[in-house]
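The values are calculated or read from the model by the stated rules, or taken from the named source; none is laboratory data. Everything quoted here is computed from the prediction, not taken from an experiment. Cβ coordinates were reconstructed from backbone atoms using ideal geometry, including for glycine residues, and neighbour counts include every protein chain displayed.
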Amino acid sequence: MFKRLFWLSVGLAGGFGSSFWLMRTVRRTVERFTPHRLTQNAVSGARTVGTELKAARDEGRAAMRQREAELRAGVERRTR
């Protein structure tokens, strides 16, 4: 009798716990795909891409100036 009651309790607790976990997971997923949230994600992604592009442009320009200075120094050494 106690063995059956124990396993009934374990089954009920497992079922309740897994259904609670599943409901939380479903709610989070639904919330992620609401129109408001998708708009926020798109805007923040666009800002991030813009910032990264500016940083890449600045880094490329700095590398270009450095390389140009190296080439000019090399030309000056050869002409002396």
Quiz item: If you check every pair at least six apart or on different chains, which have Cβ atoms under 8 Å apart with a residue in segment 18-34 that is touching a residue at least 24 places away in the same chain (Cβ under 8 Å) first and a residue that is of a type in the set (D, E, K, R) and not in a helix (DSSP H, G or I) second?
Solution: none
Practice problem: Among the numbered conditions (1) of a type outside the set (A, V, I, L, M, F, W, C); (2) surrounded by fewer than 10 Cβ atoms within 10 Å (Cβ to Cβ); (3) modelled with pLDDT of 90 or more, tell me where ARG78 comes up short. | Solution: (3)
Quiz item: Do we find that THR29 is under 28 Å from the mean Cα position of the chain (by Cα) and surrounded by 10 or more Cβ atoms within 10 Å (Cβ to Cβ) in this structure?
Solution: no
